[in-house]
Amino acid sequence: MTKMTVVTDENGGLVAAIQGHVLKAKQGDMEGGVLIQKGHLAHQVEVDDDLSKVTDHAEMLRKLHKVIPRS
């Protein structure tokens with residue numbers, strides 16, 4: 001299993017999928033991170049390792065929607 005953070009909009013639509021649960025990093029004097037827009041939700045999920053090998057956009061969306069918690 002692989003950890004991912006999936007961001008959805010206020011309607012439950014997929015906005016972003018990021019590998020891992022860490023949304024910011026620092027290297028030397030440089031620091032970066034992910035900002036989530038008001039009304040959007042970040043979901044920490046675990047997905048099958050084979051998801052990283054999926055090349056079809058529709059298949060990727062289907063697999064991600066299966067693990068996103070319903071609100």
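The values are calculated or read from the model by the stated rules, or taken from the named source; none is laboratory data. If you're wondering where the values come from, they're calculated on a predicted model, not measured in any experiment. FYI the Cβ positions are ideal-geometry reconstructions off the backbone, even for glycines, and counts take in every protein chain you see. These accessible areas exclude ligands, DNA and RNA; they are computed on the full protein's heavy atoms, side chains included. Shrake-Rupley method; radii C 1.70, N 1.55, O 1.52, S 1.80 Å.
Within segment 2-25, can you find the residues that are more than 16 Å from H65 (Cα to Cα) and in contact with a strand residue (DSSP E or B) (Cβ under 8 Å, 6 or more places away or on another chain)? Don't jump to the end; show me each part of the working.
Step one: list which residues in segment 2-25 are more than 16 Å from H65 (Cα to Cα), which gives 20-25.
Within segment 2-25, G20, H21, L23, K24, A25 meet the criteria.
Listed here are the residues, each with its yes/no results for (1) basic (K, R); (2) in contact (Cβ under 8 Å) with a residue 60 or more places away in the chain; (3) open to solvent by less than 100 Å² (accessible area, probe 1.4 Å).
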{"residue": "D9", "(1), (2), (3)": "no, no, yes"}
{"residue": "G13", "(1), (2), (3)": "no, no, yes"}
{"residue": "H43", "(1), (2), (3)": "no, no, yes"}
{"residue": "T55", "(1), (2), (3)": "no, no, no"}
{"residue": "V67", "(1), (2), (3)": "no, yes, yes"}
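If you go through segment 18-57 and keep only what is at pLDDT below 90, within 12 Å of the chain's Cα centre (by Cα) and part of a strand (DSSP E or B), you end up with I18, Q19.
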